[in-house]
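Colleague: Let me begin by handing over the structure; questions about it come next.
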Amino acid sequence: MEQLIPIVNKLQDVFGAIGQSPIDLPQIVTIGSQSSGKSSVLENVVGKGFLPRGTGIVTRRPLVLQLYNTSNHTIPPSPTSISSSLRSPSTAVNPEDSDEAEGDENSHTVNTPPPKKKSGQALKPPRQSTDNVAPPVLPGDEWGEFLHLPGEKFYSFDEIRDEIVRETDRSTGRNKGISNKSINLKIYSPRVLNLTLVDLPGITKVSVGDQPVDIEDQIREMCLHYISNPNAIILAVTAGNTDLANSDALKMARSVDPEGMRTIGVLTKLDLMDPGTDASDMLNNRIIPLRRGYVGVINRGQRDISQRKSITEGLRKEMEFFKSHPAYRSLQHRCGTTNLSKMLNSILMHHIRDCLPEIKNRITGMMADIQQELDALGTPTGDISRATLGGSLLGLLSKFAASFGNAVDGKGSSADGVEMNELYGGARISYIFNEIFGRSLMAIDPFDGLTDEDIRTAICNANGPRPSLFVPEISFDLLVRRQISRLEQPGLQCIDLVYDELQRMSSQCEPTELQRFPDLRDRMCDTVSNLLRRCVSPTQMMISNLIKVELAYINTSHPDFIGGSRAVAQLMERMSREESEGSPTPPPPPNAGKRTGGEADEPSTPLADAVGDYADTHHGDRADGEKGGLMSFIFGGKKETKRRSSIGGLGSPSNMVKLPQVPDTMRNTEMPTDRERIETEIIKSLIESYFNIVRKNFLDMVPKTIMYFLVNHSKDSIQNELVSELYKENEIADLLRETDDVAQRRKTCAEMRGLLGRALEIVNEVRDFNTYAAK
């Protein structure tokens with residue numbers, strides 16, 4: 001099972017070589033307060049002092065540390081060597097022999113070749129030494145590599161420390177500045193376990209030097225960025241000689257891991273606790289429980305560092321302290337850097353074990369995508385004959401036309417699978433017809449832009465120079481035509497929306513192979529656009545003609561039209577309903593109660609009397625043989641009016657009345673009379689009835705017109721249009737000419753396919769290894 005971490009680290013190098021995001025491996029993220037001992041814990045895990053030391057904030061950039069155990073010579077190849085080997089398949093190294101080949105090249109680094117794996121033999125985890133003292137390490141068996149210095153090995157850990165300081169100062173300055181840009185370091189040693197750790201700046205409260213005033217918030221955000229990953233294992237470092245309830249590391253870890261499922265507590269400075277006190281309750285997980293518990297460690301002090309005591313000696317001193325202390329003697333499994341390293345290694349391996357199936361599925365999916373892109377790129381057109389090119393061109397045109405027709409009919413699918421998440425193709429056109437055009441048209445008020453004052457003015461204009469005895473028909477005719485004309489613009493806008501959808505659909509139906517030929521793609525887009533534009537003109541003309549047809553003849557004999565009689569009946573019914581509800585009415589005029597034929601006076605309202613007289617006159621004979629129109633005589637009684645002379649007499653000039661000037665614009669400013677209110681209500685009923693009839697017809701005819709003149713015509717004609725415009729003998733070679741970057745893309749895809757194949761081979765190295773057997 002020890003082979004899992006190097007295998008996944010190889011995968012990280014492979015994915016880094018192809019420029020893709022690395023596999024989401026768990027990173028062991030170290031957080032803690034400033035000077036709590038985070039860096040010292042990492043040095044103890046590595047067994048070498050390689051991190052900058054000092055007072056105040058020392059770690060000022062995230063350090064991503066990958067540890068590789070070389071005791072069995074499982075040295076992973078660098079991304080450069082992986083890429084070069086895949087570019088030359090004939091010289092590629094066998095996975096079983098890769099370590100041996102590198103050992104020959106760097107004989108000063110690896111002294112003995114690794115054992116060969118026999119066919120069918122499962123990989124066995126490396127044998128862990130049970131001795132407390134690390135085996136001797138020969139010079140050259142330990143080194144480090146920085147990502148920003150590819151191919152350069154640092155055999156001196158003092159040089160590694162100096163390079164970390166230089167790289168930190170390069171981006172943050174020399175005066176305690178911080179940066180969230182990480183430093184990536186790989187350390188190869190036979191005394192380390194395979195791990196991936198991240199060392200973050202310590203949590204501080206007050207800014208010093210050129211640090212910003214919000215240094216605490218910046219460090220906190222940096223730490224949260226790393227530990228918020230659900231696959232991250234949080235190493236919360238806290239000084240053992242402080243109150244655990246005041247731990248900044250545990251507080252931050254709890255904010256992203258409230259259950260403590262992926263948090264490991266590390267207690268440092270246990271040797272500095274006051275006499276008579278110990279951390280046994282914390283190590284026994286009794287104070288702040290964590291799912292993975294706590295581990296106590298002892299780091300080298302500043303005096304030990306100044307006296308240049310080695311970490312090996314510090315680890316021996318740590319072991320003696322825990323064995324001799326009475327409180328920790330029974331907690332040996334929870335104490336010491338060795339136990340911490342083994343715990344981290346085990347946690348990391350078990351997580352990788354659970355992720356291996358997902359890793360393999362992801363690699364397989366990426367290989368399928370690359371293979372599909374290679375198939376789309378095809379073979380270079382320079383190696384194809386002219387006859388074959390002509391056939392390829394016809395095939396592309398036919399494929400595009402068939403895809404466009406299927407999309408309109410709802411039988412096709414897009415290359416990116418958008419039809420699984422949203423409406424696609426012809427369904428979008430249906431949405432425009434029903435949801436956009438239909439709902440918008442039904443939301444139009446028949447009286448938008450038409451007030452009662454406008455209707456009253458239209459009636460007065462239709463009467464001419466003298467007040468008419470009947471409601472003029474011409475007023476209804478003029479007003480209803482005006483409202484019907486407002487329907488034309490929504491119909492034309494619907495054409496534009498469908499046109500845009502067809503343009504969008506044509507771009508979605510382009511074959512993947514068309515990306516190789518930009519000239520052909522541009523010509524094809526221009527041809528389709530020209531075809532659609534030619535179809536738009538007759539469609540717009542037909543929509544305009546639909547409105548013109550409605551305006552040409554106002555059919556008042558339509559069976560759904562309300563007519564004058566029903567309009568008056570509805571008005572009378574409404575008036576009677578208002579009277580029954582007790583609506584207040586103005587006092588009746590003096591002649592309101594008079595009826596012909598000796599009828600008795602009855603209580604009534606002026607509007608009700610007027611409606612009653614209008615009904616009586618409308619159904620009776622016309623009086624005095626006068627001519628009528630659409631409406632009958634409205635008010636009964638005397639038609640004569642007495643006009644009182646406004647001139648008092650023909651006396652002196654001082655008694656003459658002078659008339660005001662005639663205004664340029666005349667409008668009725670007086671309150672409408674009962675007769676005018678009735679005429680207005682009747683006209684409104686007639687307009688609403690006829691407008692609804694026309695709107696219903698228009699709502700039905702516009703989608704049919706667009707489908708016939710625009711959608712179906714373009715779908716049926718697109719293939720013939722493409723062939724007639726593009727299939728020309730003297731233009732085939734130009735249309736199918738590849739761009740300069742297509743060959744490079746083809747080469748890049750081939751290399752990526754090789755890299756992914758290598759990654760799949762790496763995953764398959766553990767296909768015979770039962771990861772669940774070693775727990």
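Colleague: In region 9-35, which residues are modelled with pLDDT of 85 or more and open to solvent by 10 Å² or more (accessible area, probe 1.4 Å)?
Modeller: Hit for region 9-35 is 33, nothing else.
Colleague: Could you tell me how many of the residues in region 248-271 are among the small types (Gly, Ala, Ser) and crowded, with 24+ Cβ neighbours inside 10 Å?
Modeller: Going through region 248-271 one residue at a time, the tally reaches 3.
Colleague: Take residue 152 and decide whether it is over 18 Å from residue 218 (Cα atoms), open to solvent by 40 Å² or more (accessible area, probe 1.4 Å) and without any contact (Cβ under 8 Å) to a residue 24 or more places away in the chain.
Modeller: Answer is yes for this residue.
Colleague: Pull out all pairs, ordered by first then second residue, where Cβ-Cβ is under 7 Å, the residues are six or more apart or on different chains, the first lies in region 664-680 and is more than 21 Å from residue 479 (Cα to Cα), and the second is open to solvent by less than 100 Å² (accessible area, probe 1.4 Å) and of a type in the set (D, E, K, R).
Modeller: Here the result reads none, with nothing in region 664-680 linked to a residue that is open to solvent by less than 100 Å² (accessible area, probe 1.4 Å) and of a type in the set (D, E, K, R).
Colleague: Have a look at 475, 507 and point out the one that is open to solvent by 20 Å² or more (accessible area, probe 1.4 Å), hydroxyl-bearing (Ser, Thr, Tyr) and either at pLDDT below 90 or part of a helix (DSSP H, G or I) (or both).
Modeller: The conditions single out 507.
Colleague: Give region 444-472 a look and list any residue that's farther than 27 Å from residue 489 by Cα and in a loop (DSSP other than H, G, I, E, B), or say none.
Modeller: Listed by number, the residues that qualify are 464, 465, 466, 467, 468, 469, 470, 471, 472.
Colleague: Given 533, 523, 516, which one is within 39 Å of the chain's Cα centre (by Cα), crowded, with 19+ Cβ neighbours inside 10 Å and of a type in the set (D, E, K, R)?
Modeller: None of the others qualify; the one that does is 516.
Colleague: Please specify each residue of region 710-733 satisfying the condition of being open to solvent by 60 Å² or more (accessible area, probe 1.4 Å) and either part of a helix (DSSP H, G or I) or closer than 25 Å to residue 496 by Cβ (or both).
Modeller: 713, 716, 719, 720, 724, 725 - these are the residues of region 710-733 that are open to solvent by 60 Å² or more (accessible area, probe 1.4 Å) and either part of a helix (DSSP H, G or I) or closer than 25 Å to residue 496 by Cβ (or both).
Colleague: In region 33-72, how many are among the aromatic types (Phe, Trp, Tyr) and out of contact with any Phe, Trp or Tyr (no Cβ under 7 Å at 6 or more places or on another chain)?
Modeller: Of the residues in that region, 0 qualify.
Colleague: Name the single residue, out of those in region 199-221 being among the small types (Gly, Ala, Ser) and out of contact with any helix residue (DSSP H, G or I) (no Cβ under 6 Å at 6 or more places or on another chain), that is most open to solvent (accessible area, probe 1.4 Å).
Modeller: Once the filter is applied, the top-ranked residue is 209.
Colleague: Here's a follow-up. With the requirement that a residue be of a type in the set (Lys, Arg) and either under 22 Å from residue 328 (Cβ atoms) or free of Cβ contacts under 8 Å to residues at least 12 places away in the same chain (or both), what does region 253-267 give you?
Modeller: Hit for region 253-267 is 254, nothing else.
Colleague: A further question on this structure: Select, from 238, 172, 196, the only residue that is surrounded by 20 or more Cβ atoms within 10 Å (Cβ to Cβ), among the polar types (S, T, N, Q) and at pLDDT below 85.
Modeller: Only one candidate qualifies: 196.
Colleague: Moving to a separate point now. Enumerate the pairs (first residue in region 231-252 and outside any helix (DSSP H, G or I); second residue anywhere and open to solvent by 10 Å² or more (accessible area, probe 1.4 Å) and among the aromatic types (Phe, Trp, Tyr)) with beta-carbon separation below 7 Å, excluding pairs fewer than 6 apart on the same chain, so at least 6 apart or on different chains.
Modeller: 232/226
The values are calculated or read from the model by the stated rules, or taken from the named source; none is laboratory data. The structure displayed is predicted, hence computed values, not measured ones. Counting neighbours? That spans all protein chains shown, and the Cβs are built from the backbone with ideal geometry, glycine included. Surface accessibility is based on the protein's heavy atoms, side chains included, excluding ligands, DNA and RNA. Shrake-Rupley method; radii C 1.70, N 1.55, O 1.52, S 1.80 Å.
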